[in-house]
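I have placed the structure first, in the form of structure tokens, so that the comments after it can refer back to it.
The values are calculated or read from the model by the stated rules, or taken from the named source; none is laboratory data. Here the structure is a predicted model, which is why all the values come from computation and not from measurement. Every residue, glycine as well, gets a Cβ built from its backbone with ideal geometry; the counts of neighbours run over all protein chains shown. Just so you know, the surface numbers come from the protein's heavy atoms only, side chains and all, with ligands and any DNA or RNA stripped out. Shrake-Rupley method; radii C 1.70, N 1.55, O 1.52, S 1.80 Å.
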Amino acid sequence: MDYFNYKNGELYCEDVPATRIAQEVGTACYVYSKATLLHHFNQIKQAFGVLNPTICFSIKSCGNINLCRILAEQGSGFDVTSGGELYRALQAGGDPKKIIYAGVGKTDQEIRDAIEVGIAAFNIESEAEIENIDRIAGELGRQAIGAVRINPDVDPKTHAKTTTGKKETKFGVDIERAERVFDQYRGLKHLRIGGIHIHIGSPVYEIQPYVDAVKKVTALIDRLTEKGHRIEWLDLGGGFAVNYKNPEQAKPVTEHAKALIPLLKGKPYHIAFEPGRYIAGNAGILLTKVLYRKTGGAKQFIIVDAGMNDLIRPTLYESYHFIWPVKPDPKNVIDRRDSERLPVDGEIVDVVGPICESGDYLATERALPKTQRGDLLAVFTAGAYGFAMASNYNNRPRLPEVLVDGDTYRIIRRRETYEDLVAAERV
Ligand SMILES: *Cc1c(COP(=O)(O)O)cnc(C)c1O
């Protein structure tokens, strides 16, 4: 469900034609829909409503402070993974009391800053980190609060690079060792460990991995409680998938909720989630323009003005993003985005960028309507891990971001300039 639809034969973002944004802002650019962002945030809130969970938007998925501010105004907290993300969350108006901080490699300075602003909790990844946070909080004369991230050893059945809850990954404390860790660090002076955290991977298309993980950690909490440890909250992380290929690909969060609520209802601890992709994924598209058509030795290429530096997911994770012309020939106007749909009089192409790498593609072997130089293409479901993972590789200024709200839009991040590219080097 989103607000990027074809009306009168062309793509609209809510009530603004994509062509208008492309003309006025230039291409390539990221375009977000406020209504779509809010829809998905509220969908999670309502689906898990009976648990009254805290929702901490995963800022690494899409960090523009103007987008994060919209979520903060709805009561969202933030899940941060670095000092930079903590800064971003605060700049967006995030309430420190709803900020949780994850990550296997927090530096002393990052820990100090987080304690000083009074974040809700650290999600702690190792024994060494427990000791370090306790030490730093002691130096500051403060008490830090933390949850232990548990590695529940379940397979989320997603890409290896985004699998985080299996034994062989670097994340969390092995569930077999968790009780010993709680016993060992009982009654620290400057760190109160009151929660359990998991994040099994992303994107998770199936419900069963969550069910397996929740069963394992709720049983762990029962054992810990019996031993006299007080667990006040359980943070289930993020990972809910979105529809990259067609509207049936990912389970709506309501389905996850149906399976998880019975396992969690009535528990004496609070529940938190850290969704990123589910909230931001479908709320953004990448608008790009065809620069050239090129017939290669073995393939037909469509060369566009967005590259792997702007959207790295296809080459990094072999991800599929649905791509379609903004103003297709009338016989190719679509009412549904479906990877199975074949264009009329189409062609099989690789959609590639201008970067000097063979991995610089947005799509390979893709059936698309025929396009010409100057045509606009929309790359859908690019709101999460799109701009957030962009770089300046090949000295390409990063793209502008545009936020549509009804029939108006505004630029929420300006296009970078050439001077931006060298500014930090003038030392
Ligand atoms: C990346 C991450 C998330 C968000 O994952 P999504 O798939 O975007 O929902 C949540 N928690 C932690 C600890 C993460 O690393």
Restricted to the range 330-365, and to residues that are of a type in the set (Ser, Thr, Tyr) and in a strand (DSSP E or B), which residue is surrounded by the most Cβ atoms within 10 Å (Cβ to Cβ)?
Tyr361
Considering only the range 282-312, state which residues are out of contact with any His (no Cβ under 8 Å at 6 or more places or on another chain), among the small types (Gly, Ala, Ser) and within 16 Å of the ligand (Cβ to nearest atom).
Gly284
Here are the criteria: (1) surrounded by fewer than 22 Cβ atoms within 10 Å (Cβ to Cβ); (2) within 14 Å of the ligand (Cβ to nearest atom); (3) not acidic (Asp, Glu). Tell me which single one Cys62 does not satisfy.
(1)
Taking the range 141-152 as the region of interest, how many residues are in contact with a Lys or Arg (Cβ under 7 Å, 6 or more places away or on another chain) and open to solvent by 30 Å² or more (accessible area, probe 1.4 Å)?
2
Scan the range 172-198 residue by residue and report those that are open to solvent by 40 Å² or more (accessible area, probe 1.4 Å), charged (D, E, K, R) and not in a loop (DSSP other than H, G, I, E, B).
Glu179, Arg180, Asp183, Arg192
Among the listed residues Ile198, Ile145, Ile221, which satisfies the condition of being in contact with a Gly (Cβ under 6 Å, 6 or more places away or on another chain) and aliphatic (A, V, I, L, M)?
Ile198
Assess whether Gly201 counts as being at positive phi and open to solvent by 10 Å² or more (accessible area, probe 1.4 Å).
no
Here the qualifying pairs (Cβ atoms under 6 Å; residues six or more apart or on different chains; first in the range 260-283 and over 22 Å from Ala219 (Cβ atoms); second hydroxyl-bearing (Ser, Thr, Tyr) and more than 8 Å from the ligand (Cβ to nearest atom)) come out as Gly281/Thr381; Asn282/Thr36; Asn282/Thr381; Ala283/Tyr32; Ala283/Ser33; Ala283/Thr36
Filter the range 153-171 for residues that are more than 12 Å from the ligand (Cβ to nearest atom) and in contact with a strand residue (DSSP E or B) (Cβ under 8 Å, 6 or more places away or on another chain); which is most open to solvent (accessible area, probe 1.4 Å)?
Lys157
Residues located in the range 401-427, provided they are touching a Phe, Trp or Tyr at 6+ places or on another chain (Cβ under 7 Å) and not β-branched (Val, Ile, Thr):
Glu401, Leu403
Only one of Lys294, Lys327, Lys331, Lys265 is modelled with pLDDT of 95 or more, among the charged types (D, E, K, R), more than 21 Å from Tyr385 (Cα to Cα) and not assigned by TED's automatic domain parsing to the domain that holds Gly386; which?
Lys265
Report the residue count in the range 366-383 for those that are in contact (Cβ under 8 Å) with a residue 60 or more places away in the chain, part of a strand (DSSP E or B) and surrounded by fewer than 20 Cβ atoms within 10 Å (Cβ to Cβ).
0
Restricting the range 66-99 to residues that are within 12 Å of the ligand (Cβ to nearest atom) and either acidic (Asp, Glu) or open to solvent by 10 Å² or more (accessible area, probe 1.4 Å) (or both), the one nearest to Ala35 (Cα to Cα) turns out to be Asp79
Among residues of the range 100-123 being over 19 Å from the mean Cα position of the chain (by Cα) and either modelled with pLDDT under 95 or polar (S, T, N, Q) (or both), the residue most open to solvent (accessible area, probe 1.4 Å) is Gln109
Would you point out the residue of the range 295-328, among those that are out of contact with any strand residue (DSSP E or B) (no Cβ under 6 Å at 6 or more places or on another chain) and among the acidic types (Asp, Glu), that is most open to solvent (accessible area, probe 1.4 Å)?
Glu318
Quick check, is Glu248 farther than 30 Å from Asn282 by Cβ and of a type in the set (D, E, K, R)?
no
